[in-house]
Amino acid sequence: MIKKILSFFLISLLLVSCVAPTARLPDINSAQVKEQEERQKKLSYSNFTREFQRTDNITFNINSSNQDICEKTDFDLGFKVSNSFAVGEKEAPFYPTELNLGSQLSVVSVSKNSNAFKTGILIGDKVNSINNELLETGKNGLNDYQKKITKLKDQLVKIEIYRNGVKKIFEYTLNKVCGFPLVFTRDQIINAFADGKNTYITQGIAEYSRDDNELALVIGHELAHNNRKHIEAKTTNAILGSIVGLTLDLLIIASGGYSNGEYTDMLSKIGAQAYSVEFEQEADYAGLYYAKRAGYDISEANEFWTRMGAKNPSSIAHNSTHPATAARFVALQSTVTEINSKIKNGEPLIPNEKKEYKKKDDTTTSQKKKFDLKDIFKKKQ
Ligand SMILES: [Zn+2]
């Protein structure tokens, strides 16, 4: 009997493995497939562009609103450029047409609160020269641009552009900003980090944030890691090493351009290098100030970081190093209360410091109160 059952079972197995689909499927038109492929590609680059422009805008707001309390400052042109070579010649046609991507550099993002925007520079403008120096086109376009903008000494700049073939000249004052520019990557992983030089934001985390206020919390947090020098020399070397090992793309986007880099490998490696709990707490604390000073609503900060912690146990959520999301929730709430009471009492909106914390060439900060995270926790206990 057992034999019979076994052989029946085996035969059934054989029969199952011989079965092939018999349904008559509709014929697939290869032209339609190609059309669909292109449509999806366009959609993907359009999302990437939208999130890049949004993140660029928020980063500008945070970096410019906090320049008075940043350890490192820079002057910002207020717009980003790219060309078809930087995004990849084959891919360029799938990017939004408003970017006007070609061999000549064009404006791909303008920060809404920048002097560039106020003076009238628009997305799609072809940038011809900066301070009367002609910009290169083609493969070396972004490199040449980078060299020229790092040479800018004066805060006053003259930009010559072409819009629909018509030459226009814009002269304006560069905005002073915190010197930690945005590097936006196409990665879908939900992550963000700081390497002491730049603020890295993935498309994944930008899309995960429900509005600008939430994304501002992330950018503020990363600015705090950068501005408060949370990266030890050893770690910095490791990270820089891995960046140099990558393609030029990253340097291009780091220097204010716009390309098509994906760095998931690097992001997960760096993501694994978690900060100490104390640094994370300080980044949360100071980050809330930075976001608030830029005009963002921080009242839902605790909800956001809790949602992030539940969803994504990576470095940004801090779950691996400290599972105490409850403590984090309470600390964030206390900080929001502290900030609100300062606004109410007309006190300076600057993070409290433990010791006399004096910023270089700035005398006003010496009046800051003592900053001690323990006090925040004590209050709630
Ligand atoms: Zn962090």
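The values are calculated or read from the model by the stated rules, or taken from the named source; none is laboratory data. Just so we're clear, the structure is a prediction, and the values are computed from it rather than from any experiment. No Cβ is skipped: glycine too gets one built from the backbone with ideal geometry, and neighbour counts run over all protein chains shown.
Here are some notes:
- Every residue from the range 204-233 that is within 14 Å of E282 (Cα to Cα) and either away from the ligand (no atom under 14 Å from the Cβ) or among the polar types (S, T, N, Q) (or both): N226, N227
- Residue, nearest to K147 (Cα to Cα), within the range 85-105, restricted to residues that are surrounded by 23 or more Cβ atoms within 10 Å (Cβ to Cβ) and in contact with a Leu (Cβ under 9 Å, 6 or more places away or on another chain): L105
Every residue, every condition in (1) modelled with pLDDT under 95; (2) part of a helix (DSSP H, G or I), yes or no:
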| position | (1), (2) |
| --- | --- |
| I270 | yes, yes |
| A274 | yes, no |
| E278 | yes, yes |
| N302 | yes, yes |
| H322 | yes, no |
| V330 | yes, yes |
| I339 | no, yes |
| E356 | yes, no |
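- Criterion: touching a residue at least 40 places away in the same chain (Cβ under 8 Å) and within 20 Å of E89 (Cα to Cα) - qualifying residue of S109, S114: S109
- Candidate set from the range 182-203 (those that are away from the ligand (no atom under 16 Å from the Cβ) and either over 9 Å from the mean Cα position of the chain (by Cα) or surrounded by fewer than 20 Cβ atoms within 10 Å (Cβ to Cβ) (or both)); member that is nearest to G88 (Cα to Cα): R186
- The strands (runs of 3 or more DSSP E) falling completely within the range 71-167 that include 1 or more residues that are under 25 Å from the mean Cα position of the chain (by Cα) map to 73-76, 79-82, 106-110, 126-130.
- So G287, is it modelled with pLDDT of 95 or more and in a helix (DSSP H, G or I): yes
- Contact map, the range 278-299: residues that are touching a residue at least 60 places away in the same chain (Cβ under 8 Å) paired with residues that are among the polar types (S, T, N, Q) and within 16 Å of the ligand (Cβ to nearest atom), Cβ distance under 6 Å, separation 6+ or inter-chain. Pairs shown: Y285/T335; L288/T335.
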